[in-house]
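Student: Submitted below is the structure of interest, expressed as structure tokens.
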Amino acid sequence: MTETEVSATGRARDEGAPGRAFQPPRSWRSIVRSAEIDARLAGMLVALALIWIIFQLITPGNTFLTPRNLWNLSVQSSVVAIMATGMVLIIVTRNIDLSVGAVMAVVGMVMGAIQHDFLPDLWRFDHPATWIVALVIGLALGAAVGAFQGVIVAYVGVPSFIVTLGGFLVWRGLAWRVASGQTIAPMDSNFRLLGGGSQGTIGGTWSWVVGIVACVAIVALQLIKRRQRARYGFRLRPMWAEVGLVVVSCGAVLAAIWYLNRYYVPAGVVEQRGLPPGTNISQGLAIPVLIALAVAVVMTFIATRRRFGRYVYGIGGNPEAAELAGIKTKSTIVKTFGLMGLLVGLAAAVQIARLNAAVSSLGTGMELNVIAAAVIGGTSFTGGVGTIAGAVLGALVMQSLVSGMVLMRIDAPLQDVVVGIVLVLAVTLDTIVRRRAAR
Amino acid sequence: MIDRSGPPLVELRGIRVAFGGVHAVDDVTVDLYPGEVVGLVGGNGAGKTTLIRTLSGAHPADSGEILIDGRPVSINDPRDAKELGIETIYQTLALADNIDAPGNVFLGRELTTRLGNLDYTAMEDATRKLMSRLNPNFVNFVAPVQSLSGGQRQSVAIARAVHFNARIVIMDEPTAALGPAETAQVHGLIRQLKEEGLGIFLISHDIHDVYDLADRISVMLQGRLVGTVNRDDVTVDEVLAMIIMGKQPGEVTQRDIAELHEGGPVSG
């Protein structure tokens with residue numbers, strides 16, 4: 001904390017008036033502006049909070065905001081969230097990938113066949129190395145399929161809509177061929193941990209560790225950024241905003257961990273483990289949720305801190321300018337599709353682990369959920385605009401709607417109606433806000 | 001004075017570019033010496049931009065040679081051109097509208113930390129220093145450039161061209177979108193770059209612009225070079241006659257000039 005105080009006095013000297021920085025800001029708008037908060041992301045968080053509160057009020061028995069439901073929500077959102085982070089980069093470069101559901105099926109079937117049929121022939125079922133071999137092959141296959149489609153888009157010049165529409169048909173068909181349409185089950189027991197389930201969680205203590213590590217990282221990143229800007233003598237964010245932002249984000253992380261940790265292992269399992277009845281053991285975060293969070297962090301890093309990410313946004317903003325700036329636009333496009341494929345492979349692993357089975361109908365309709373999550377999260381089809389965090393929030397919004405409506409016993413067709421309306425509404429709002437901002 | 005004793009900084013020799021049978025540029029030869037401004041003028045579709053795109057690597061020539069310091073070079077894409085110290089300010093500015101000013105200045109040539117991560121603060125710092133020289137009124141270093149004014153966007157495009165120690169700068173209509181004050185600023189900058197010994201190709205449809213700034217003027221008409229003249233040897237009317245009628249300065253009669261002026265303000 002001493003570090004923070006040192007820079008606080010340093011900043012106060014910069015501004016020349018020590019007391020002024022702590023003056024209460026006049027309006028919400030000025031708070032947002034001087035705190036340099038991403039207004040769009042903040043708006044999405046507010047929208048998500050509204051959805052949650054409304055569902056809590058109207059679900060029978062007010063069950064929406066129970067630890068159990070939110071825990072389930074986190075697991076259910078993770079598969080779409082993993083893929084939506086990749087879809088952001090695809091859409092930012094003015095492309096689209098309609099094949100993700102079908103690629104998920106073919107990769108899932110191959111991973112299923114490897115761990116259920118091929119590897120057990122080599123060694124035995126449930127061999128400790130099986131899960132990693134199956135996973136690595138699945139990721140490589142996903143990346144290869146994605147990159148292959150990317151090459152046709154970038155180097156041959158066929159529109160991505162067409163290439164991946166073809167892929168949508170081809171890969172689904174090939175997924176069927178892997179096992180002649182039969183279900184492959186069960187999965188390797190280690191592999192199944194990827195999907196969460198009763199074993200695939202990290203428990204209460206480790207969840208706290210994850211939360212605390214996240215908080216330390218938030219503080220460290222803010223400090224590094226601030227010190228860097230101070231070194232060049234740039235204007236710094238006001239101290240109240242800096243501290244406020246860190247406190248709010250760390251508080252949110254720890255509150256989420258605390259609340260999710262109140263989802264306990266079922267009483268039957270407690271008894272099986274020979275513990276006294278009534279003992280509360282936290283499930284803790286599910287492994288697929290951790291995977292999705294890690295993917296979101298890594299993808300944000302790639303999108304905002306690496307040259308590749310900068311080129312993706314450059315191409316999306318102005319393809320000709322990117323080319324004239326000397327960016328290798330074609331290989332960049334191929335990489336976005338390869339990365340998308342890799343993430344589809346990862347999502348497929350989580351999905352077959354959750355189902356404990358690989359089926360050729362895996363991921364049917366998933367491409368639309370993934371695209372919708374990215375778009376609800378603020379990714380624009382005109383290119384150049386979209387964030388990873390937004391897409392993850394978008395996935396959470398979509399899954400929250402579905403989860404809430406299931407609790408309300410609304411049937412599937414009506415659910416689709418609602419999700420469809422929300423999708424169009426979200427983009428409409430975004431368009432209006434952006435048009436106003438442009439004026 | 002411009003030293004023309006050595007080999008030219010750039011020579012485009014016998015350049016041809018065809019688009020589907022139409023010769024956009026047909027056997028054009030132009031050159032440029034250090035510290036010199038060569039104006040490239042001509043009407044719409046004369047082939048000025050197409051010619052210059054072969055030098056900036058945006059579009060390869062079908063035939064012809066490009067020589068830098070008297071040595072033939074091959075320029076196949078914008079990266080080759082930049083490596084040879086050729087920077088271009090395009091008429092469209094070629095900015096990524098969704099990215100901020102420092103991001104555009106360094107687009108394709110980002111500064112990174114030792115670990116290869118983008119060094120945002122270093123890029124912003126370098127851009128601030130550049131702008132304090134080029135356009136002191138420029139203050140918005142964090143907003144996407146789409147929210148900036150035409151003049152500010154032009155400053156970003158110019159900053160990008162001059163930051164990387166260019167030897168040759170190509171400016172395609174650099175003042176077309178600017179007001180009088182900003183135009184004067186760009187003119188000042190062109191003179192400054194010339195003082196520093198850079199060679200500048202200045203493309204413009206505004207003959208007065210070119211006449212003020214250029215040492216020599218190359219005139220193109222329908223893809224062909226009409227001729228290259230020393231600015232001091234010709235009048236504006238003679239250049240106009242070259243642009244519109246394709247006539248050499250000596251061939252222009254009083255009647256031609258009268259005709260030019262009857263035709264109304266043709267110089268745009």
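Student: Taking the Cβ-Cβ separation of residue A:411 and residue A:275 as r and a Förster radius of 56 Å, what is the calculated FRET efficiency to the nearest 0.05?
Tutor: Numbers: r = 40 Å, r/R0 = 0.72.
About 0.90, to the nearest 0.05.
Student: Which far-off residues, 5 or more places away or on another chain, put their amide H under 5 Å from the one on residue B:226, with H placed in the peptide plane?
Tutor: Residues meeting the amide H criterion: B:219, B:220, B:221.
Student: Would you mind giving the mean number of other chain beta-carbons within 10 Å of the Cβ of each residue in A:299-305, as a whole number?
Tutor: Across A:299-305, the average partner-chain Cβ count within 10 Å equals 2.
Student: Next question, about the same structure. Mind putting a number on the dipole of region B:95-165 about its Cα centre? Charges go on the C-beta only, +1 for Lys and Arg and -1 for Asp and Glu, and I need it in Debye to the nearest 20. Don't jump to the answer; show the numbers that get you there.
Tutor: Numbers: 7 positive and 6 negative charges, 46 e Å.
Dipole size: approximately 220 debye.
Student: By how many nm would the segment from residue A:256 to residue A:38 grow when fully extended, if each residue of separation counts as 0.36 nm and the alpha-carbon distance is taken off? All intermediate terms of the calculation are to be shown ahead of the outcome.
Tutor: Numbers: separation 218, 0.36 × 218 = 78.48 nm, distance 2.11 nm.
In short, 76.4 nm is gained.
Student: Ok, one more. Using a 10 Å cut-off on Cβ to Cβ distances, tally the other chain neighbours for every residue of B:141-149 and report the average as a whole number. Don't jump to the answer; show the numbers that get you there.
Tutor: Working: counts 2, 2, 0, 4, 2, 4, 2, 0, 0.
Per-residue shielding by partner chains comes out at 2.
Student: Sort A:132-142, B:109-119, A:251-261 for me by packing, meaning the mean count of neighbouring Cβ atoms within 10 Å per residue, highest on top. Don't jump to the answer; show the numbers that get you there.
Tutor: Numbers: A:132-142: 20.1, B:109-119: 14.3, A:251-261: 16.3.
Most protected by this proxy first, the peptides run A:132-142, A:251-261, B:109-119.
Student: Follow-up. Just to be sure I understand: with springs between alpha-carbon atoms less than 10 Å apart, which residue in B:102, B:174, B:249 has the highest mean-square fluctuation in the Gaussian network model of chain B?
Tutor: Taking springs between Cα atoms under 10 Å, the residue moving most is B:249.
Student: A further question on this structure: Where does each of A:358-369, A:101-112, B:126-137 land if you order them by average Cβ count within 10 Å, highest first?
Tutor: Details: A:358-369: 20.9, A:101-112: 29.7, B:126-137: 16.3.
With the highest mean Cβ count within 10 Å placed first, the list reads A:101-112, A:358-369, B:126-137.
Student: Would you mind working out the magnitude of the charge dipole of chain A relative to its Cα centre, with +1 at each Lys and Arg C-beta and -1 at each Asp and Glu C-beta, to the nearest 20 Debye? Could you put the intermediate results ahead of the total?
Tutor: Numbers: 35 positive and 19 negative charges, 327 e Å.
For chain A, the charge dipole is close to 1560 debye.
Student: Follow-up question, since we're still on this one. Determine the dipole magnitude for region A:304-346: charges of +1 sit on the beta-carbon of Lys and Arg, -1 on that of Asp and Glu, nothing else is charged, the reference point is the Cα centre, and the result goes in debye to the nearest 20. List each step's numbers first, then the result.
Tutor: Numbers: 7 positive and 2 negative charges, 51 e Å.
In total the dipole reaches around 240 debye.
Student: Take the Cβ-Cβ distance between residue B:253 and residue B:27 as r, set R0 to 22 Å, and report the resulting FRET efficiency rounded to the nearest 0.05. Mind showing how you got there, number by number?
Tutor: Values: r = 28 Å, r/R0 = 1.26.
It comes to 0.20.
Student: Would you please put A:344-352, A:121-129 in order of how densely packed they are, using the mean number of other Cβ atoms within 10 angstrom per residue and starting with the highest?
Tutor: On the way: A:344-352: 29.8, A:121-129: 11.7.
Output ranking for A:344-352, A:121-129: A:344-352, A:121-129.
Student: What is the extension gain from residue A:356 to residue A:418, computed as 0.36 nm multiplied by their sequence separation minus the C-alpha to C-alpha distance, in nm to one decimal? Don't jump to the answer; show the numbers that get you there.
Tutor: Details: separation 62, 0.36 × 62 = 22.32 nm, distance 3.01 nm.
Roughly 19.3 nm would be gained on extension.
Student: Right, here's the next one. Hey, got the average number of other protein chain Cβ atoms within 10 angstrom for residues in B:51-61? List each step's numbers first, then the result.
Tutor: Values: counts 0, 0, 1, 0, 0, 1, 3, 3, 0, 0, 0.
Rounded to a whole number, the mean comes out at 1.
Student: Go ahead and estimate [θ] at 222 nm for chain A from helices alone: -39,500 (n - 2.57) per DSSP H run with n ≥ 4, summed, over the residue count, rounded to 500.
Tutor: Working: 18 runs with 305 residues, N = 439.
Mean residue ellipticity at 222 nm (helix-derived): -23500 deg cm²/dmol.
Student: Work out how much length residue A:48 to residue A:136 would gain on full extension: take 0.36 nm times their residue separation and subtract the Cα-Cα distance, in nm to one decimal. List each step's numbers first, then the result.
Tutor: Working: separation 88, 0.36 × 88 = 31.68 nm, distance 3.50 nm.
Taking 0.36 nm per residue and subtracting the Cα distance, the gain is 28.2 nm.
Student: Let me ask something else about it. Determine the calculated [θ] at 222 nm for chain B from helices alone, applying -39500 (n - 2.57) to every DSSP H run no shorter than 4 residues and normalising by the residue count; nearest 500 deg cm²/dmol.
Tutor: Details: 9 runs with 91 residues, N = 268.
Result for chain B: -10000 deg cm²/dmol, rounded to the nearest 500.
Readers should treat all values here as calculations from the given coordinates under stated rules, not as data from a laboratory. Note that the coordinates shown come from a computational prediction; the quantities given were computed from them, not determined experimentally. Don't worry about glycine lacking a Cβ; one is built from the backbone with ideal geometry, like all the others, and counts go over all protein chains shown.
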